[in-house]
Amino acid sequence: MCCLMKSMRVNSDLVLITGSIWFLVFFESIFLDCPKHIYLVFWFYKQLKSSHNIIVSHTIMSHSINSESEFDPKQPSVPISYPIKTLKDLESRSYYESFHYPFNKASVPIESGHSAPLPNRRRILVCHDMAGGYLDDKWVQGGTNAEAYAIWHWHLIDVFVYFSHNLVTLPPPSWTNTAHRHGVKVLSNYYYLLLMCWGLSSLKGMRERLSVMKCFQQRSLPKCMQQRSLPKHLAELAVNLGFDGWLLNMEVSLKPKQISNLKEFVNHLSLTTHSSVPGSLVIWYDSVTINGDLWWQDELNEHNKPFFDICDGIFTNYTWQEDYPRRSAAVAGDRKFDVYMGIDIFGRNTYGGGMWNCFPDVILCMCQTNAALDVIRKDDVSAAIFAPGWVYETKQAPDFETAQNRWWSLVGKSWGITRKYLGTLPFYTNFDQGSGYHISVDGDQVSDAPWCNISSQGVQPLLEFADSTANSIQLIVNLKEASYNGGGNITFKGSLEKDTYFKRRIFQGEFILSKLPIHFFYSVKSDSNSSLGLVLEFTSTINKTMSVLLTSHGMDHLSSEFSKVVLTSEHKGNALGWVIHEGTIEMNGYILTGIHALCYKPNAPSKELKSRPFGPGHTAPSSTDYSAVLGHITVKTSNYKPDFPISTSWLVDGEYIHWKSGPQDSRILSVKISWNLKGKNFAFPHYNVFVEKPPKLADGNSGTTLEPVQEYLGVAHVNCFYVSELKVPASTSSLKFIIQVCDFDGTNRNLEDCPYYQLEIKGL
């Protein structure tokens, strides 16, 4: 972000210039150093359109031209996330008139305990900057790329910034939902830079652009930034879309007399956002100085501290030297943790070089990013990791998931701080990473299509990266093996001798328990020679610790290693192979601090266990083979029961109904379905959407004798869902859209008891 072209990665998705590298340098000088020549930009734009040796990708130029003429946000279409590109659109509040606005509201409030100010310790801020943003994640209801980029190491992150090169970057709700689920604050980005804010590729809004260019030429701020309306609009967006504040990136030169206006803008935005969103943040990016110069300091000093003093922190540029964190800490005083030293993972002049430097055949590699983190940790300030998507974009070996786990494990080892999950009961996770190759509901696979939707990411297990040969049993979050709910699970495979066990931590947190008994549920699919239990760690108010084993079978040879053993009851799930384990324990006065998985061999496999097939084509295991899958975990108080309203309590309606002809006399339907509880403002965590297509009988009526078939359409995290291009066979008389209500403890409402929308099919 230190300057326009430095921050734009030169690749096939951004800007590719062949034989005209000089243009970039000159272009940058026009914007940053010579504002009086800014009108020359339009001459260069004309050359861009006609030149054969300059190629500009669709994401920066040509797409902007096409999208502005083709995309009408007021018209119904597949819901997407998108930024606000002009001050005119921001001031007019036209975003709220968009068809897409209701779909873009984050539905997950930040987890209990994290809406307060940030912890008084050094922190990690992650600025995602993934290939320009708004890629697979722009599809609010989910995309089709099972290998889409995602982050799941939330236990190392305190603040997440969704970044793009647009005036107002609005985080897709998927990122806000999953970050909040893990207690991480989410910031949007206000990026004031002429080229990116006003899209030179567009021929619309010429009057506004000329006005803005005049401001640049005069080194002044647009009028709206000298008033209090703009902070109000930005704070309003944070409230309505559910994110937690702003990163201010003001990469402009200003006249010194304009600095008072800029300071007033920053101060009022901080105050307005704080009063509107509890626990919110406004962070200043190290760019323009108090003298009005666009001069990146790479540290906190007298040139940028006046901005730091009126907001919640500073994100420094990346080209700092080894003693800059120490110097910044001295300037910040008791606010040293609000200094976030920038690290560019692409290694562009960043301290330590970013990326990593791995020696072949060496398990423990030296990570260049760690060099920067080690210095920051030593001087006890915070870190801002920019573009961790480097692992994904550069296709690090051997595959994205392995490389990502390895990279973040090095970050964790260097940083030395792991956030604890501060949760309230009920606690539920299905180990979903927000993408996969199938979808299951209560053990039944309802879709085999590849998908991605970060909103669906469950609370992530705290798995340590380990070499594949270091342990007898390997465990991974598996997106291809059958799941119990969603598209993920934890798979355990390897070898294990009798009378031994393998234990691995999967969660770390703090759940304060009441006098009521605690119920635990977890689903397991295993072969007949493998068993899987849970070990729960508790700490009392006087620091007394206890470990409790939940198991369905006696383990006399291991019982002495735990404070208590609780035998669970078993019952078969609705789907073949899954067994649900249930246990109860009273731990009044204790805090649940950890959950471990325990792999072991049963003393004497019961007939019940032997009857459970692991999967099609599964061969009989040897005496030491071990194979088990953990599908979900639920922890709740004994009196908690899902409060599912009866179906008639819901108001379900369809609008924007559009039919068109399809092949073989079929019809194609698009419709927006919305639902609300009568007289109540209560939302569930998500809703599965199904459709039934009953065929016509000979008399023309709908079929009632056949068992109805529910076709899975997708998942909604708000109270509406857009059905796009649904193929309806000619034999279908009506459509029944079923909204399956899903509770916070992972319980799914029976489909026959769910609200629905009935649509009769009429002639075109």
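The values are calculated or read from the model by the stated rules, or taken from the named source; none is laboratory data. Computed from a predicted model, the values in this text were never measured in an experiment. Note that each Cβ is placed from the backbone with ideal geometry, even for glycine, and that neighbours are counted across all protein chains shown. Surface areas here come from the heavy atoms of the whole protein model, side chains and all, with no ligands, DNA or RNA. Shrake-Rupley method; radii C 1.70, N 1.55, O 1.52, S 1.80 Å.
The table that follows gives values for the structure above.
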item: The range 600-639, subset modelled with pLDDT of 90 or more and among the hydrophobic types (A, V, I, L, M, F, W, C), residue surrounded by the fewest Cβ atoms within 10 Å (Cβ to Cβ); result: ALA628
item: Single unsatisfied condition, PRO461 versus (1) more than 26 Å from VAL741 (Cα to Cα); (2) not small (Gly, Ala, Ser); (3) not in a strand (DSSP E or B); result: (1)
item: Residue in the range 413-442 that is most open to solvent (accessible area, probe 1.4 Å), counting only those that are of a type in the set (Gly, Ala, Ser) and over 19 Å from the mean Cα position of the chain (by Cα); result: GLY416
item: Where a residue in the range 705-721 is under 11 Å from VAL140 (Cα atoms) and its partner, wherever it lies, is modelled with pLDDT of 95 or more and open to solvent by 70 Å² or more (accessible area, probe 1.4 Å), with Cβ under 7 Å and at least six apart; result: VAL718/LYS105
item: Residue selected from the range 120-139 under the condition of a type outside the set (Gly, Ala, Ser) and open to solvent by less than 20 Å² (accessible area, probe 1.4 Å), by the criterion nearest to TRP175 (Cα to Cα); result: HIS128
item: The range 240-276, residues that are among the hydrophobic types (A, V, I, L, M, F, W, C), over 22 Å from HIS165 (Cα atoms) and modelled with pLDDT of 95 or more; result: LEU271
item: GLY631 being touching a strand residue (DSSP E or B) at 6+ places or on another chain (Cβ under 6 Å) and not assigned by the TED database to the domain that holds SER514; result: no
item: Positions within the range 492-501 being at pLDDT 90 or above and surrounded by fewer than 19 Cβ atoms within 10 Å (Cβ to Cβ), in sequence order; result: LYS493, GLY494, SER495
item: Residues being in a strand (DSSP E or B) and farther than 21 Å from ILE476 by Cα - total across the range 503-560; result: 17
item: Residue in the range 660-678 that is open to solvent by less than 20 Å² (accessible area, probe 1.4 Å) and in contact with a helix residue (DSSP H, G or I) (Cβ under 8 Å, 6 or more places away or on another chain) present; result: yes
item: Qualifying residues in the range 552-565 (those that are crowded, with 17+ Cβ neighbours inside 10 Å and modelled with pLDDT of 90 or more) - the one nearest to SER528 (Cα to Cα); result: VAL565
item: The range 660-678, residues that are in contact with a Ser or Thr (Cβ under 8 Å, 6 or more places away or on another chain) and either in a strand (DSSP E or B) or closer than 30 Å to PRO517 by Cβ (or both); result: ARG667, ILE668, SER670, LEU677
item: Odd one out for LYS105, checked against (1) open to solvent by 20 Å² or more (accessible area, probe 1.4 Å); (2) out of contact with any Gly (no Cβ under 8 Å at 6 or more places or on another chain); result: (2)
